[in-house]
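Computed from the coordinates by the stated procedures, all read-outs in this text should not be read as laboratory data. Note that the coordinates shown come from a computational prediction; the quantities given were computed from them, not determined experimentally. Counting neighbours? That spans all protein chains shown, and the Cβs are built from the backbone with ideal geometry, glycine included.
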Amino acid sequence: MLVQNEWEEVNSLIDLIYKTKNLTTMRTQFLQKLSSLIKFHFSDFELSVQNSSVPKLVDAVVFSSYPASFEQEFIGKYEGEYFEYDYVKWVFASPVSLVYRESDLINDEARKGSKFYVEYLKPFGFEYLAGISIISEKQFLGCVTLYRTESSRDFSDKEIYILKQLLPHLQNRLSFSNEKFNEKDDPATRDSSYVLKSRYSLTTREIQIAGLICKGVSNAMIGETLGIMENTVKKHISNILDKLEVKNRTELTHFILRNKML
């Protein structure tokens with residue numbers, strides 16, 4: 001079903017899944033690279049809250065062609081308001097993983113008459129969805145969701161086949177990851193710098209500097225503000241970039257703001 005260069009892209013994605021140490025970086029790069037194989041307008045990769053009585057999604061990473069404000073509003077409304085109305089959320093409670101095309105799970109009449117479609121998907125302009133529900137040993141670990149607008153076609157059998165090739169590798173990676181969220185880690189209850197401290201090992205000073213960088217403050221002004229030498233600021237920034245696996249101040253700002261870490 002796939003030609004040689006497409007298999008090479010799939011293998012490159014599988015390699016990325018296993019070799020990218022930071023889970024947030026892996027998920028972000030996974031969605032970016034997947035867009036070269038499957039065309040979509042919006043995508044997210046969320047983790048589940050462990051030890052929760054019902055499936056619950058948190059810590060979304062997003063890749064899309066939309067501005068950050070759109071991304072944050074769309075994800076925020078889903079996690080905070082419309083998750084309970086999602087007509088295919090039953091796949092998250094399934095005992096096994098599943099690659100799905102939404103049109104295969106619910107008929108068009110029922111879908112377009114639902115609160116989830118009328119009040120959530122349609123106002124944002126999304127018509128077609130495909131996804132991967134990642135489950136291991138009956139434990140829901142997370143999900144990938146891809147969205148297309150009404151002007152596009154539904155996801156093809158070939159694209160669903162590609163997602164099926166990637167599923168077992170995502171399942172393996174999340175199964176053995178130590179980056180899991182428990183109920184107490186819900187973004188609604190954790191400190192705003194929790195993720196940066198616990199998952200990325202940033203120090204309090206590094207978090208202060210990251211916050212100032214996000215505000216566009218220069219290295220010299222950061223040093224003056226915090227009472228440290230500019231060379232010391234540069235060393236802190238180098239450590240921050242290494243820990244978050246980003247290349248420069250612009251990527252750092254985008255990474256932190258997109259993931260709502262400060």
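Mind running the shape call on segment 15-57? Use the C-alpha gyration tensor, a ≥ b ≥ c as the square roots of the eigenvalues: rounded below 1.5 for a/c, prolate if a/b tops b/c, oblate otherwise. If you can, show how the numbers build up before the last one.
On the way: a/c = 3.43, a/b = 1.51, b/c = 2.27.
Oblate, because a/c is 1.5 or more while a/b does not exceed b/c.
For segment 47-142, applying the loop criterion from DSSP together with a ceiling of 15 other beta carbons within 10 Å to the GluC sites (Glu not before Pro) yields E137. Just how far, in whole angstrom, is segment 65-117 from segment 200-241 if you go by their alpha carbon centroids? Their Cα centres are 39 Å away from one another. A straight chain from I160 to E230 at 0.36 nm per residue would run longer than the Cα-Cα distance by 20.1 nm. Helix 68-77 and the longest principal axis of the Cα set of the chain meet at an angle near 60°. 3J(HN,Hα) along segment 236-252, derived from phi through the Karplus expression 6.51 cos²θ - 1.76 cosθ + 1.60 where θ = phi - 60°, amounts to 4, 5, 4, 5, 4, 4, 5, 5, 8, 6, 10, 9, 7, 4, 5, 5, 4 Hz, with x in place of Gly and Pro.
What order, most packed first, do the peptides 221-232, 16-27 have when packing is the mean number of other Cβ atoms within 10 Å of each residue? Don't skip to the end; give the middle numbers.
On the way: 221-232: 14.0, 16-27: 17.2.
Most protected by this proxy first, the peptides run 16-27, 221-232.
Taking every alpha-carbon pair under 8 Å whose residues sit at least 6 apart, the chain reaches a relative contact order of 20 percent. The sum of -39500 (n - 2.57) across all DSSP H runs of n ≥ 4, divided by the residue count of the chain, sets its helix-only mean residue ellipticity at 222 nm to -13000 deg cm²/dmol. Taking each residue as 0.36 nm, the span from H254 to K138 lengthens on full extension beyond its C-alpha to C-alpha distance by 38.3 nm.
For segment 23-40, the Karplus equation 6.51 cos²θ - 1.76 cosθ + 1.60, evaluated at θ = phi - 60°, returns couplings of 5, 5, 4, 4, 5, 5, 5, 4, 5, 4, 6, 4, 5, 7, 9, 10, 7, 8 Hz by residue, with Gly and Pro reported as x. With respect to the chain, whose longest principal axis is taken over its alpha-carbon atoms, helix 4-19 is tilted by about 50°. When the pairs K33/K164; K39/K138; K89/K122 are compared against a 22 Å limit on Cα-Cα distance, K39/K138 fall above it.
Max-minus-min Cα coordinates of the chain on each principal axis give 63, 43, 38 Å, with the largest extent listed first.
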